Amino acid sequence: MSIRTLRSAMAFLTVLPVATSEGGPGERLGRAYFPAIGAVVGLLSAAVFVLVGAFSTSLLAAAAATATLALLTGALHLDGLADSADGLFGGGDVARRLEVMRDPRLGSFGTVAIVLVLLGEVAAIASMSPGRAVAALVIAGALSRLAMLAVITLVPYVRATGLGVAAVDSSHRGFDLALGSASVLVASLLDWPRALLALCLVALTATTVAMIARRRLGGATGDVFGATAELCLLAALLAFAVHR
């Protein structure tokens with residue numbers, strides 16, 4: 001692993017200007033850094049929550065924090081969530097579902113999925129004190145990207161092209177998961193009892209998404225990766241919202 005692969009992973013997951021001088025994201029996608037990058041994105045969102053909450057209501061602060069998450073990632077995971085919902089819950093055979101997931105237009109299932117997930121995230125964050133929100137967003141950011149990494153490395157990829165191709169690599173799976181898990185462990189030190197509950201909910205959520213994708217598509221796509229990250233982020237935040 002190197003600074004070059006870290007920049008590659010950052011360029012893949014965020015809109016931060018870290019591409020190489022040639023304009024590309026780098027020579028190898030540093031998947032092992034995904035959870036660490038998720039933690040950084042969560043920390044930046046938490047900073048917005050604390051700042052806005054200092055002169056506004058917790059609801060507005062939570063909305064600002066959620067908007068920050070979407071802006072920093074270019075709404076990539078939300079887009080994957082919408083496409084996955086339209087494809088996985090729509091009719092037709094596998095080819096038709098994959099075609100629907102490529103369609104840039106937003107369908108009914110995708111609209112409902114985005115609305116419900118964003119409402120859930122805002123409501124969960126708004127229920128927390130500033131200190132708990134910081135821990136929740138950092139840990140949720142790391143855990144959700146670890147879940148996405150697990151799906152990337154363990155579930156077959158069903159497309160020959162697409163954004164997800166860049167993340168699929170049969171080599172270094174064990175190393176990537178180990179280093180990613182270490183990043184989550186460090187982040188979890190902020191609040192390990194709630195992090196443990198969040199880990200259980202995230203594992204359940206990621207497993208469910210992977211099972212549905214395998215049953216409906218035969219494997220995963222880049223949209224499924226994004227949906228995994230977004231749904232697992234919500235699952236982790238809910239763990240912090242309900243655990244007193």
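The values are calculated or read from the model by the stated rules, or taken from the named source; none is laboratory data. These numbers were taken from a predicted model, which means no experiment stands behind them. Methodologically, a virtual Cβ is constructed for each residue, glycine included, from the backbone with ideal geometry; neighbour enumeration extends over all protein chains shown. Areas reflect the complete protein model, heavy atoms only, side chains present, ligands, DNA and RNA absent. Shrake-Rupley method; radii C 1.70, N 1.55, O 1.52, S 1.80 Å.
Some notes on this structure:
- Residue pairs meeting the criteria (Cβ under 8 Å; at least 6 apart or on separate chains; first farther than 23 Å from P130 by Cβ, in the range 184-211; second open to solvent by 80 Å² or more (accessible area, probe 1.4 Å) and in a helix (DSSP H, G or I)): A210/L154
- Being farther than 30 Å from V100 by Cβ and modelled with pLDDT under 95 is a property that does not hold for L189.
- Selected residue (criterion: nearest to R145 (Cα to Cα)) from residues of the range 1-15 that are surrounded by fewer than 18 Cβ atoms within 10 Å (Cβ to Cβ) and modelled with pLDDT under 80: L6
- Count of the range 72-99 residues which are free of Cβ contacts under 8 Å to residues at least 24 places away in the same chain, under 28 Å from M10 (Cα atoms) and open to solvent by 50 Å² or more (accessible area, probe 1.4 Å): 0
- Taken over the range 187-198, the criterion of being aliphatic (A, V, I, L, M) and crowded, with 21+ Cβ neighbours inside 10 Å is satisfied by A187, A195, A198.
- Output for the range 49-66, where each listed residue is under 18 Å from I139 (Cα atoms) and surrounded by fewer than 21 Cβ atoms within 10 Å (Cβ to Cβ): V50
- Filter result (over 15 Å from A70 (Cα atoms) and open to solvent by less than 10 Å² (accessible area, probe 1.4 Å)) within the range 111-134: A124, A133
- Only one of the numbered conditions (1) open to solvent by less than 40 Å² (accessible area, probe 1.4 Å); (2) modelled with pLDDT of 90 or more; (3) part of a helix (DSSP H, G or I) is not met by G164, and that is (2).
- Within the range 1-22, residues that are β-branched (V, I, T) have Cβ atoms under 6 Å from residues that are part of a loop (DSSP other than H, G, I, E, B) and at pLDDT 70 or above in these pairs: T5/G30; T14/T73; V15/G74, counting only partners at least 6 apart in sequence or on another chain.
- The range 71-127 holds helices (runs of 4 or more DSSP H) entirely within its bounds, and those carrying 1 or more residues that are within 15 Å of the chain's Cα centre (by Cα) map to 76-88, 108-126.
- Conditions (1) modelled with pLDDT of 95 or more; (2) over 23 Å from L44 (Cβ atoms); (3) of a type in the set (K, R); number of the one not met by R216: (1)
- Qualifying residues in the range 214-244 (those that are open to solvent by 10 Å² or more (accessible area, probe 1.4 Å) and part of a loop (DSSP other than H, G, I, E, B)) - the one nearest to L13 (Cα to Cα): G218
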